[in-house]
Amino acid sequence: MKFIAGNWKMNGTRNALKNMVGALKNVDTENTIILCVPYTMLCIDSGGVALGAQDVSVHEKGAYTGEVSATMIAETGAKYVIVGHSERRQYHEETNSIVRQKAVMALNAGLTPIICVGETMEEKQAGKTMSIIESGVRESVPNDAGHNIIVAYEPRWAIGAGLTPTEAEIAEAHKLIADTLIGMGLTEIPVLYGASVKADNAADIMSIPNVDGVLVGGASLKSDDFIPIITSVK
Ligand code: PGA
């Protein structure tokens, strides 16, 4: 069983999500399917498809206009929330420390945080890929998270760019993440790969050791693109 998570970012409509859920009902798979969608779509009846949010406040409640708390997300029936996605890190200056606080809020509300880590092109070119991934995991993942978390390796330079690292690079990154988590006392944590996953590379990527699934952006928006990714892994 693999995790196939879609990240709709700021795309879609409630009707588009209903259509996607309808199309997914006919898919015969043992994989776990998660759709992380804008807050406004979280309340729809999603059948067997688990829904998630894409961000969460570091605060529990109060005078924080525009923020949405983990408890509020959980109240919709959502089970997951992405934290520390590269677009949050890039456009909202989210640091590892903020990401960790968000992950803690999610855990306290019974949500599974999908914690993203990954290097920028600048960091890659400076030879810092491994150190950025390791510090990303050490500083963003709460040590006492237990089993209720997912980590996603998302090389930031490859997101939405049609680029992917080599299989050897993905293998090296995922081994480092798995080893770092074990070093933190966190075992059996699924580690997903995300960035430019498509139907034609999903099966190869998910056959790499320590890759427990994928986090899919653009190719999760249309069922014609998303379903072949789900069915590419038996
Ligand atoms: P992409 O996005 O699949 O469009 O590259 C991945 C992500 O941002 O999670």
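The values are calculated or read from the model by the stated rules, or taken from the named source; none is laboratory data. In this text, all values refer to a predicted model and were calculated from it rather than measured experimentally. Here Cβ is always computed from backbone atoms with ideal geometry, including for glycine, and neighbour counts include all displayed protein chains. For the accessible areas, the whole protein counts, side chains as well, though only heavy atoms, and no ligand, DNA or RNA atoms are used. Shrake-Rupley method; radii C 1.70, N 1.55, O 1.52, S 1.80 Å.
Values as computed for the structure displayed
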read-out: Scan of the range 66-77 for residues that are assigned to a helix (DSSP H, G or I) and either open to solvent by less than 20 Å² (accessible area, probe 1.4 Å) or in contact with a Phe, Trp or Tyr (Cβ under 6 Å, 6 or more places away or on another chain) (or both), ordered by number; value: Ala70, Ile73
read-out: Residue in the range 63-70 that is more than 16 Å from the ligand (Cβ to nearest atom), free of Cβ contacts under 8 Å to residues at least 12 places away in the same chain and either in contact with a Lys or Arg (Cβ under 7 Å, 6 or more places away or on another chain) or of a type in the set (Ser, Thr, Tyr) (or both) present; value: yes
read-out: Candidates Ala171, Ala203, Ala152, filtered to the one that is within 16 Å of the ligand (Cβ to nearest atom), over 21 Å from Asn11 (Cβ atoms) and of a type outside the set (Ser, Thr, Tyr); value: Ala203
read-out: The listed residue being within 16 Å of the ligand (Cβ to nearest atom) and in a loop (DSSP other than H, G, I, E, B), out of Gly12, Gly6; value: Gly12
read-out: Single residue of Ser207, Ser140 found to be of a type in the set (Ser, Thr, Tyr) and either at pLDDT below 95 or over 15 Å from Phe3 (Cα atoms) (or both); value: Ser140
read-out: Cβ-Cβ under 8 Å pairs, at least 6 apart or on other chains, the range 78-96 side over 17 Å from Ala106 (Cβ atoms) and open to solvent by less than 20 Å² (accessible area, probe 1.4 Å), far side within 11 Å of the ligand (Cβ to nearest atom) and not acidic (Asp, Glu); value: Ser86/Cys116; Ser86/Gly118; Ser86/Arg156; Ser86/Ile159
read-out: Yes/no for Glu60 being farther than 15 Å from Trp8 by Cβ, away from the ligand (no atom under 16 Å from the Cβ), without any contact (Cβ under 8 Å) to a residue 40 or more places away in the chain and among the charged types (D, E, K, R); value: no
read-out: Qualifying residues in the range 148-165 (those that are over 12 Å from the mean Cα position of the chain (by Cα) and at pLDDT 90 or above) - the one surrounded by the most Cβ atoms within 10 Å (Cβ to Cβ); value: Pro155
read-out: Qualifying position, being more than 27 Å from Met72 (Cα to Cα) and open to solvent by 20 Å² or more (accessible area, probe 1.4 Å), among Gly118, Gly110, Gly127; value: Gly127
read-out: Residues satisfying the stated conditions in the range 177-198, i.e. surrounded by fewer than 19 Cβ atoms within 10 Å (Cβ to Cβ) and away from the ligand (no atom under 12 Å from the Cβ); value: Asp179, Ile182, Gly183, Met184, Gly185, Thr187, Glu188
read-out: Test: Ala63 is open to solvent by 50 Å² or more (accessible area, probe 1.4 Å), over 22 Å from Asp212 (Cβ atoms) and either assigned to a helix (DSSP H, G or I) or at pLDDT 95 or above (or both); value: yes
read-out: Test: residue in the range 207-224 that is within 15 Å of the ligand (Cβ to nearest atom), surrounded by fewer than 18 Cβ atoms within 10 Å (Cβ to Cβ) and of a type in the set (Lys, Arg); value: yes
read-out: Among the candidates Val141, Val104, residue that is closer than 17 Å to Leu186 by Cβ, open to solvent by less than 10 Å² (accessible area, probe 1.4 Å) and in contact (Cβ under 8 Å) with a residue 24 or more places away in the chain; value: Val141
read-out: Any hit, the range 24-46, residues being closer than 22 Å to Glu93 by Cβ, surrounded by 14 or more Cβ atoms within 10 Å (Cβ to Cβ) and in contact with a strand residue (DSSP E or B) (Cβ under 7 Å, 6 or more places away or on another chain); value: yes
